[in-house]
Amino acid sequence: MSKDNYRLNDKLGGGPIFLGAGVLGAVLCVVSFMQNRKDFFASYLTAFCFFLAISTGSFFFVFVQHLARSAWSVTIRRVSETVAANLPWMALLFIPVVLGGKDVLPWLDKNMMANDALVHMKHGYLNPTFLYIRLAAYFGLWTVFSLYFLRTSRKQDESKDPALTTQMGKVAAGAAAVFALSQTFFAFDWIMGLDPHWFSTMFGVYFFAGSVVLQYCFLILTSAALRRKTGRKDIFRTDHFHDAGKLLFGHNVFWTYIGFSQFFLIWYANMPEETLFFQHRAAGSWKFISLMLPWCHFAIPFLYLMSWHVKRNIVALSVGCVWLATMCYIDLYWLIQPNFHQAGAHFGLSDIASILAIGGFFLFLFIRRLNSANLIPSGDPRLADCLTYDNGVITNEQH
Amino acid sequence: MILHRDDDPTRRPTLVETGDFHEVTDIITIPAETKPTATWVILLLMSLSLLSVMVGMIGYLFWEGTGVWGVNVPVGWGWAIVNFVWWIGIGHAGTLISAILFLFRQRWRTAINRFSEAMTIFAVMCAGIFPGIHVGRIWVIYFVFPIPNSMGVWPNFRSPLLWDVFAVSTYFTVSVLFWYMGLIPDLATFRDRATTKVRGFILSIFALGWRGSARHWQNYERAYLILAAISTPLVLSVHSIVSFDFAVSKVPGWHTTIFPPYFVAGAVFSGFALVETLLLIARQVFGLHKVVRMHHLDNMNKFMLLTGSLVGYAYGMELFIAWYSGNMYERFAFYNRALGEYWWSYWIMVSCNVIAPQLFWFKKIRFNIPIMFIITILINIGMWFERFVIVITLHADFLPSSWGYYRPTWVDIWTYIGTFGLFGTFFLLFLKYLPQLAIAEVKGVMPEANPHFGDDHHAPAGANAKGH
Amino acid sequence: MEKTISDVKPKVFGVLAQFASPKDVYHAAEKVRDKGYKKWDVHSPFPIHGIDGAMGLGDSRMGWIALFSAMAGCFGGFGLQYWINMFAQPVVIGGKPLNPYPAFVPVTFEPGILFTAFGCLIGMLVLNGLPRWYHALFTSKNFKKFSDDGFFICIEARDPRFSLNETRKLLEDIGGRNIEVVED
C-alpha cells in the first residue's frame, strides 16, 4: 500500500461560481439595505446564523471525533475541519450585524435601556460593552480552536506523527468546554436577545441541536461530492455515509426532543412571560411554519431516514440532507424573523440576497481551503481502521 | 506508514486478556456453580434484614397513613419523591449505558452491560415502591391504570403523574425484556454445564431451547439491535417525563425548560457512578480482573466527567436564566437554594456533582481505584442531594406566612435505608445465580472470534463477508 | 394406521461436525453453501460476524415486526387517550382543550415502545421456532460444547441433497472433526 494512494489530486470545483454568487449577493444586499433596513438585518442575521451553525456544528463534530478516538470518521473529518476553520471569516461576515446596532437588537436602543423595567434589571448582562466583549471572545476562541485542529491535522498529513493525534485528543477536551459555553451564549445574545424579555434555559441546547443536524447535512453532501469527484469509493465508503446518516437521524430526533420539551413545558405552564414567544409564532403565516416544523423537520425525515436502504444510497441520502438543511434554515427563520415581522413570514429579495452573499463567500472560502491541501487526513494513525472498519451491515454490494 | 490498531499507541486494546473461549466460560460461570462464600451469605443476610425493615416501615405507613412521614404544608413532597427520582435516575443509566454503547459499537461495553442492566431493573423496583406507597389510600391504587370500572372514572391523561405511571412501568418491562433477551444464550451455557437434574431442568426452561443456530442468531441480533435502538429514546423519555413532574408546574425553580435533558444527564451520571461502585466491589470479590480491565474503568470515569460537566452546565444555565429572567420569584428561589436555610444541601450537591468529577481530568486519578471508588460514592450522594434541593424549594413558597422547615421522620429514613436491602438482596442473588457478564458477547468481541482472525492485517475485515 | 416397529425406529436427523474455530467454521460454511445445501445450520457460542453471508441466508424479518408493533402501540395509546378525553369522560382540566395533543405525546410514545419490545422478543422467538423443550441435537453429548467453545455444522437429513456417506465425507473434507450422525 503506497503512501501516494491516499494523496488525492482531484480538486473540488465550483469555487468561482460561488464567488460570483457571493459578489452578486453582496450587491443585492446593498440594494435591499437601501430599500428597507429592517428587512435586510432580519434576513442577513438568519442567513448568517445558518452558515455559522454549519461551522460551529462541524467544530463540534471534529472535537467529538477526537474525544471519542473514533476511527470511522477519519477520511470525512477533513471536510468538517475545513468548514469549521471558516469561523474566523464568519467574524468578518458578522460586521454588518454589529453595525446594525439597535436595528438588530432592540435593547441597544438607549430609550429601551433606560425605560424598560426588565431590560434595566438585566443591565449587568445586557449592556453594549459586555456584549461586544463577549462577541470578541466567542469568535476569538472559535478561531483559535478551529485553526488549531485544521493546521495540526494538515501537519500530520506530512509528518504522520501519531503524537499529534494524542495532542489533539487533549485539546479537544478543552474545546468541548469552550464550545458548550460560547455557542450557548452566542445563541442567547443574538437570537434569544432579539426579544430581550423572553428567556428559556433550553435555548442554547436548541440552537446546538439544530447546528449538529445541519453539520451532518453539510458533511454528507460534501463527502458525496468528493466521492463523485475523486471516484474513490474505498475512501469515501458507503459505510461512512450509512454511519453519518444514522447520526443525522439520531441528532434530528434529538433536535425534536429538545424542541418539543421546550415548547411543551412553556405550553403546559402557560405563563404569559414565556408563552409570548409561541404567541408571536402563532400569528399570521407564522402559525403555518410552527405547525409545519414538527412534520417536515421531524416526522417526514424520521420515516425517510429510518430505512438503511436510504442511508446506504448516496443519492437518496443526499436528497434527505438537502431537505433537512432547508428545514434547518426554516427553523432559524422561524426563531429569528418573527421578532422583525410580527404579522407573518416575509420571504423576499433580502433573504435571497443574504443567502447568496454569505453562502457564496462561505462556500468559496471553504472550497479554496479544502483544495489547498490533501482532501483527507492521510497522516492519521487511525486511517487504516477507517478504511476497513465494518459497521455490521451485510449486504450484497460490491465495494 | 499507516499504523494499524494493534500498533497504534492512541488506541487501547478493547478486549479481554485471554484468547481462549473456554477460559472465558469458566471465569464467568464458575462463581455461579460453586458454593456461596461466607462473605456473600453475610451480605445477603444483611440485605435481607434491611429488606425486612423496609417491609415493616411500609406496613406501618399503610396502617397509620402518610402522616408518619415528614411531609406537611408547605413541603408536600418529601423524601419519597427524592428517593423515587434518585433510584429511577440510577436505574436509567443501566439500560442507556448498555443500549447506547451497543449502538455506538463500543465493544468494551461487554465488561459492564449485564451489570448495569441488572442494576437498572433492581433500581427501578426500588424506585417504583415510593410512588406506589405514597398515595394514602393504597387500596385504590389501581386507579392509576386505565382500567374500565363501574364508576366510569378514567385517569387524567393530562397529568404528569399519570405519564409517570406509563413511563416507569414501560421502562421496567422493557428493561426486563432487554436483559432477558441478552441472558438467553448465557442461560443456555449454564444449562449445558449443569451437573444436577434440578439445575438443568430450571435452566432448560429459561434458556428456551436455545441452540446457538446461526439462523437464530440472525433474528436474535436484529431483535437485540432494535431493542437497543428503542431503549435509547425510552430512557430519554422516561427521565424527561420524571422531570415533567416538576417542570410543568409553575413553581419557581421547578419550571424551567432545560429540565428534561438536565435530568437525563444527571441520571446517566449517577447511574455510571453506581455501576462503577458495584463493579469495583464485584471485581474485587469475584476476581474479574481479566475481563473488567483498567481501561474500562477509565472510560467510565471519562463518561462521569462528561455527564458531571453537563449537569454543571445545567446548574449554570438555571442560575443564569433565573437571574436573566428578571422574575423576582425565580431569582429568590435560586438565591434561597444557595444561601437560604438549606444552603448546606445546595453546596453538597455542587461539590459532589460538579467539583468532585473534575478530578477525573487527571489520568492518575482515573487509574486509581480507591480514589475513583470514593468519587463514585460522592457522586451518588450528590445526586441524591440534587433531588433534595429541587424538592425542598417548596419550603419557601409564594406565601411567606406558610414557609416552613422540612425534616424527615424516622419512618422516612428507614424506608429509604430499607430500599438498599431490596436492591442488595436482588443484586446478590443475581451475582450468585446468573452470569455476571454477557458470556456470548465477551467471546464475540475477542479477536479470535473474527472469522478473519490472523488474515492479512490490511485486508478489510468486513470486505470478504460483503463480497458475495 | 397402526404404528409398526419400523416407524418408531430412530430416524437420522442429520450429520453433525465440530470445527476448531470461528474461522474454520466460517470457511466450511461457505463450502457447504456452495455445494447447494439448504437445510443445514451453523451452531456457535456467539454470533459469528458475516456468517449469514457465508451461509447464503436472506435478511431477517424482525424489522417489519418491530415496525408494526410500534405503530400498534402508538395508535393504541393515542386512541385510548382520545377516546377517554373526548367521549368517555370529557372534562376540562387545567384550562386545556378536551383534546390537548401535546399532553398526549408521553402516553402515545410509551406504549409504542412497550409494544415494540414485546414484538421484538416474541417475534424473535416465533421466527426461531422457540421455545422448544426437545431438539434432536440435544441428544448429542458433544453438541453441548456449542455454548462453550464448540463450533458446529449440522446438515439435516431432510435436505434433498443429503446422503449419509457423501455428506459425512464433505464435512470431513472441509475440516470437520468429531463427526457423528444425530438421530431423532
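If you go through the range A:256-298 one residue at a time, how many are part of a helix (DSSP H, G or I) and more than 14 Å from C:PRO102 (Cβ to Cβ)? Lay out the reasoning, then the answer.
Let us first name the residues in the range A:256-298 that are part of a helix (DSSP H, G or I), namely A:256-269, A:272-280, A:286-298.
With the extra rule that they be more than 14 Å from C:PRO102 (Cβ to Cβ), the set shrinks to A:258, A:272-274, A:276-277, A:279-280, A:286-289, A:292, A:295-297.
Residues meeting the conditions: 16.
Filter the range A:272-299 down to the residues that are among the charged types (D, E, K, R) and surrounded by 15 or more Cβ atoms within 10 Å (Cβ to Cβ), then identify the one that is farthest from B:ILE226 (Cα to Cα). Break it down stepwise before answering.
We begin by selecting, within the range A:272-299, every residue among the charged types (D, E, K, R); these are A:273-274, A:281, A:287.
If we keep only those that are surrounded by 15 or more Cβ atoms within 10 Å (Cβ to Cβ) too, we end up with A:273-274, A:281.
Working: A:GLU273: 42, A:GLU274: 38, A:ARG281: 37 Å.
Applying the filter and picking the extreme gives A:GLU273.
Only one residue in A:ASP385, A:ASP331, A:ASP390 is in a helix (DSSP H, G or I), charged (D, E, K, R) and surrounded by fewer than 22 Cβ atoms within 10 Å (Cβ to Cβ), so which one is that?
Checking each option against the conditions leaves just A:ASP385.
Let's see how each residue does on (1) free of Cβ contacts under 8 Å to residues at least 24 places away in the same chain; (2) closer than 30 Å to B:ALA188 by Cα; (3) open to solvent by less than 10 Å² (accessible area, probe 1.4 Å):
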{"residue": "C:ALA70", "(1), (2), (3)": "no, yes, no"}
{"residue": "C:CYS74", "(1), (2), (3)": "no, no, no"}
{"residue": "C:VAL91", "(1), (2), (3)": "yes, no, no"}
{"residue": "C:LEU98", "(1), (2), (3)": "yes, no, no"}
{"residue": "C:VAL105", "(1), (2), (3)": "yes, no, no"}
{"residue": "C:CYS120", "(1), (2), (3)": "no, yes, yes"}
{"residue": "C:VAL126", "(1), (2), (3)": "yes, yes, no"}
{"residue": "C:GLY129", "(1), (2), (3)": "yes, yes, no"}
{"residue": "C:ARG132", "(1), (2), (3)": "yes, yes, no"}
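A:LEU248 - would you say it is part of a helix (DSSP H, G or I), at pLDDT 95 or above, touching a Phe, Trp or Tyr at 6+ places or on another chain (Cβ under 6 Å) and crowded, with 23+ Cβ neighbours inside 10 Å?
Spelling it out, A:LEU248 is indeed part of a helix (DSSP H, G or I), at pLDDT 95 or above, touching a Phe, Trp or Tyr at 6+ places or on another chain (Cβ under 6 Å) and crowded, with 23+ Cβ neighbours inside 10 Å.
Taking the range A:116-147 as the search range and keeping residues that are among the aromatic types (Phe, Trp, Tyr) and in contact with a helix residue (DSSP H, G or I) (Cβ under 7 Å, 6 or more places away or on another chain), which one is modelled with the lowest pLDDT?
Here the residue is A:TYR125.
If I go through the range A:300-328 residue by residue, how many of them are open to solvent by 10 Å² or more (accessible area, probe 1.4 Å), under 29 Å from A:SER354 (Cβ atoms) and small (Gly, Ala, Ser)?
2
Within the range A:46-68, is even one residue more than 16 Å from A:SER80 (Cα to Cα) and open to solvent by 70 Å² or more (accessible area, probe 1.4 Å)?
Looking through the range A:46-68, none of the residues is more than 16 Å from A:SER80 (Cα to Cα) and open to solvent by 70 Å² or more (accessible area, probe 1.4 Å).
Look at B:ILE30 and say whether it is open to solvent by less than 50 Å² (accessible area, probe 1.4 Å), aliphatic (A, V, I, L, M) and under 27 Å from B:PHE430 (Cα atoms).
In short, no.
So which residues in the range C:13-62 are open to solvent by 50 Å² or more (accessible area, probe 1.4 Å) and in contact with a strand residue (DSSP E or B) (Cβ under 6 Å, 6 or more places away or on another chain)?
Selection gives C:LYS39 alone.
All but one of (1) within 7 Å of chain C (Cβ to nearest Cβ); (2) open to solvent by less than 50 Å² (accessible area, probe 1.4 Å) hold for B:ALA123; which doesn't?
If we test B:ALA123 against (1) within 7 Å of chain C (Cβ to nearest Cβ); (2) open to solvent by less than 50 Å² (accessible area, probe 1.4 Å), just (1) comes out false.
Got at least one residue in the range B:434-446 being surrounded by fewer than 20 Cβ atoms within 10 Å (Cβ to Cβ), part of a helix (DSSP H, G or I) and not hydrophobic (A, V, I, L, M, F, W, C)?
no
Out of all the residues in the range B:48-93, which are touching a Leu at 6+ places or on another chain (Cβ under 7 Å) and at pLDDT 95 or above?
Once the filter is applied, which keeps residues that are touching a Leu at 6+ places or on another chain (Cβ under 7 Å) and at pLDDT 95 or above, the range B:48-93 yields B:LEU51, B:MET54.
Looking only at the range C:147-164, decide whether some residue is within 14 Å of chain B (Cβ to nearest Cβ) and in a helix (DSSP H, G or I).
Checked against the condition, which is being within 14 Å of chain B (Cβ to nearest Cβ) and in a helix (DSSP H, G or I), the range C:147-164 yields at least one hit.
Looking only at residues in the range C:62-102 that are of a type outside the set (A, V, I, L, M, F, W, C), facing another protein chain (nearest Cβ under 9 Å) and in contact with a Gly (Cβ under 8 Å, 6 or more places away or on another chain), which one is nearest to B:ILE230 (Cα to Cα)?
Across the range C:62-102, the extreme among qualifying residues is C:GLY77.
In the range A:195-205, what count of residues is obtained for those that are open to solvent by 10 Å² or more (accessible area, probe 1.4 Å) and part of a helix (DSSP H, G or I)?
Residues of the range A:195-205 open to solvent by 10 Å² or more (accessible area, probe 1.4 Å): A:195, A:197, A:199, A:205.
Then drop every residue that is not part of a helix (DSSP H, G or I), which leaves A:205.
Number satisfying all stated conditions: 1.
The values are calculated or read from the model by the stated rules, or taken from the named source; none is laboratory data. Since this is a predicted model, take the numbers as computed values, not measurements. Don't worry about glycine lacking a Cβ; one is built from the backbone with ideal geometry, like all the others, and counts go over all protein chains shown. Surface areas here come from the heavy atoms of the whole protein model, side chains and all, with no ligands, DNA or RNA. Shrake-Rupley method; radii C 1.70, N 1.55, O 1.52, S 1.80 Å.
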